[in-house]
1. Along the charge dipole of region A:3-196, Cβ charges K/R +1 and D/E -1, which of A:Ser93, A:Ile73, A:Thr28 sits furthest on the positive end?
2. Quick check on the exposure proxy: order B:Arg155, A:Arg161, A:Arg149, A:Arg193 from fewest to most C-beta atoms within 10 angstrom.
3. What is the Cα radius of gyration of region B:134-175 over 2.2 N^0.38 Å, N being its residue count?
4. Could you go through region B:64-76 in sequence order and give the Karplus-derived ³J(HN,Hα) for each residue, using 6.51 cos²θ - 1.76 cosθ + 1.60 with θ = phi - 60°, rounded to whole Hz, and x for Gly and Pro?
5. Once you've got the GNM for chain A with C-alpha springs shorter than 10 Å, pick whichever of A:Ser195, A:Ser159, A:Ser52 has the biggest mean-square fluctuation.
6. Just from its helices, what would the mean residue ellipticity at 222 nm be for the protein assembly as shown, if runs of 4 or more DSSP H residues each count -39500 (n - 2.57) and the sum is divided by every residue, rounded to the nearest 500 deg cm²/dmol?
7. So for the pair B:Gln125, B:Lys2, with labels modelled 7 Å out along Cα→Cβ, what separation do we get in nm?
8. Would you order B:Val88, B:Val116 from fewest to most other beta-carbon atoms within 10 Å of each residue's own beta-carbon?
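Derivation of every value follows stated rules applied to the coordinates shown; laboratory data play no part. Predicted model, so just to flag it, every value in this text is computed and none were measured. Using ideal geometry, Cβ is built from the backbone for each residue, glycine included, and neighbour counts are taken over all protein chains shown.
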Amino acid sequence: MNRCTERLYNGLIKENPTFVMMLGMCPTLAVTSSLQNGFGMGMTTMVVLTASNFIISMLRKVIPDKVRMPAFIVIVASFVTIVQFLLEAYLPSLNASLGIYIPLIVVNCIILGRAEAYASKNPVLPSIFDGIGMGLGFTFGLSCLGFFRELVGSGTVLSHRIIPDEYCIKIIGLAPGAFFVLAVLVALQNKIRISNGKKPKELKCIADCSACQKQCEERGKEFIGNSKKEEA
Amino acid sequence: MKELILIAIGAALVNNVVLSQFLGLCPFLGVSKKVKTAAGMGMAVIFVITISSLLTSVIEQYILVPTKMTYLNTIVFILVIAALVQFVEMVLKKMSPSLYSALGVYLPLITTNCAVLGVALLNVQNSYGIVESVINGLGTAIGFTISIVIMAGIRERNEYNDISPALKGTPIVLVTAGLMAIAFSGFSGLL
């Protein structure tokens, strides 16, 4: 059980996907215009992440190493489709406001990253807790950003008015505000890192995604090469 | 014809894929250090998105809709796009080595670019036909190229500026992107 709580702590604090790892930036910027959307997106991602971690970890000895990336993508895409249906049926308003970003969870770096880095190498139970921990960390990050942007941008929290309309900074709630808020967040992080004598960080997303894509690419090539050989 | 032009302008300028829809942020932030590489990336994206919107809309119209399997479109599209990028790379390598040497480096970066899948899904969501889908894809990709090239131009000049150490690198790029997003929101009155 100790290992499981360690996983939760790791996902929430130590390797928090939004604040520390800076993963999954597309949904982070796109859906955090309100607290409700940020929280909903975070929870949806958590469900997909936990379920895909569970299945991938169960199948880790069955999936051949060479086709693991395509296999992971299919598993993740299946869960995303299922979750999308559940949302359509039970939370149609959330589904409408998140729109295209629900199916786009498939290409979220966090999910493939966790599948590759943790679930494909570890037993089932820790993998599930890894998914829950990372998902909660992501939800926490998106909720914080959503709370802040909703409060400053439209003066409300969960549609309850806190700040009178004429004192709001509208731009924070709109598309440009998303970039500004993220810029401030990274700058703060850099400030802390520099005062601790560390190097300022680049957005991790770039390195991670392209690395995973390159790997994916190489695997794909090997796979195609092999199947050609077999055909011949 | 007028409809198609409106779709293209809407996709390229009004609903710019990076600055108002936040798709394809990774390459936008990662490959925008130099104008030359940014333009190369843009060309590769135009190439891939146009072909993939054609292919995905053909699959949607002629396979998924008649067999009533449209609910599988996310799974089908992501696999088709991944395979397509591989295929394009192989064809370019064989048929046109000069084009391959220009675009080849960027192709692997596009495989799981969310903009490609995003456009395919948006085409379905807006129930576009095949021609409209291709135009929408082309417009979106041109919008991506415009914004990444402008961004690279600004970053090249930013290199020599005196920026405080905490803001150097990613933060200042994000601030620039925010300012560009404000500029692009001026296009919203266009349609």
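1. A:Ile73
2. In order of increasing Cβ crowding within 10 Å: A:Arg161, A:Arg193, B:Arg155, A:Arg149.
3. Output field value: 1.54.
4. Per-residue couplings from phi come out as 6, 5, x, 8, 6, 10, 4, 5, 8, 5, 4, 5, 5 Hz.
5. A:Ser195
6. -22500 deg cm²/dmol
7. 2.7
8. In order of increasing Cβ crowding within 10 Å: B:Val88, B:Val116.
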